[in-house]
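Input: a single structure, listed below in structure tokens.
No value in this document is a laboratory result; all are computed from the given coordinates. All values derive from a computational prediction rather than experimental measurement. Here Cβ is always computed from backbone atoms with ideal geometry, including for glycine, and neighbour counts include all displayed protein chains.
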Amino acid sequence: MSDGLNDEARQALWRLIELIDFDDAAMIEKQQTLFDEELADADDADEIEGQELLWILKDVIDWESGFYVDWKDCASFIGCMDALCARVDVTLDWGAEDPEDEDFLESTSVPELMELAFEQLRVAGFTLWNWNTEGDAYAGWIARGEDDEEMMAVAEVLGLDIRPGDQPY
């Protein structure tokens with residue numbers, strides 16, 4: 001089977017999954033298997049590269065190791081980030097007594113919340129990353145701050161347009 005990924009790209013993609021799964025062997029294996037299945041089912045799998053890889057990855061990691069939310073869905077962003085942060089034992093302060101309060105949700109935006117989460121995660125030793133969806137949505141993941149350089153190197157090998165969460169797209 002030709003899946004369109006050369007050895008260097010496959011190794012970089014696997015390393016990306018390892019970085020966002022914090023070396024959780026079971027989760028890594030599950031997501032690598034799911035990625036291979038999704039790639040095998042994709043039309044034109046031989047031509048998938050760069051940002052197109054992120055769309056497959058999004059489906060594989062969504063709400064387990066990554067987030068993908070509509071541009072105005074602050075409630076989903078908070079819920080997903082809380083779930084992702086629980087994996088690394090971090091509790092975010094959203095700046096509201098009740099982050100599910102409708103008035104609070106209407107007074108903020110996903111980019112503002114992303115920047116707030118980024119700052120708190122940095123203090124805890126993590127980096128919130130986001131990628132360019134080229135649409136009306138925000139997507140990304142969390143990785144250890146000590147892995148920032150490696151994350152950027154992996155993104156370069158794969159041709160991904162990513163940046164830290166304090167710089168939302």
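Count, please, the residues in segment 108-132 that happen to be of a type in the set (S, T, N, Q) and under 14 Å from Gln167 (Cβ atoms). Steps first, answer last, please.
Initial filter on segment 108-132 (of a type in the set (S, T, N, Q)): 108-109, 120, 127, 130, 132.
Now restrict to residues that are under 14 Å from Gln167 (Cβ atoms): 127, 130, 132.
Result for segment 108-132: 3.
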If the requirement is being at positive phi and surrounded by fewer than 19 Cβ atoms within 10 Å (Cβ to Cβ), which of these qualifies: Gly135, Gly125? Gly125
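Residue by residue, here is whether (1) in a helix (DSSP H, G or I); (2) aromatic (Phe, Trp, Tyr); (3) under 21 Å from Gly165 (Cβ atoms) holds:
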| site | (1), (2), (3) |
| --- | --- |
| Arg10 | yes, no, no |
| Glu18 | yes, no, yes |
| Ile28 | yes, no, no |
| Gln32 | yes, no, no |
| Asp82 | yes, no, yes |
| Leu92 | no, no, yes |
| Ala96 | no, no, yes |
Can we say Leu39 is within 27 Å of Ala83 (Cβ to Cβ) and among the aliphatic types (A, V, I, L, M)? yes
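Sort through Val88, Val157 and tell me the only one that's surrounded by fewer than 17 Cβ atoms within 10 Å (Cβ to Cβ), under 24 Å from Leu5 (Cα atoms), in contact (Cβ under 8 Å) with a residue 60 or more places away in the chain and of a type in the set (A, V, I, L, M, F, W, C).
On the way: Val88 fails: under 24 Å from Leu5 (Cα atoms).
Residue meeting the stated conditions: Val157.
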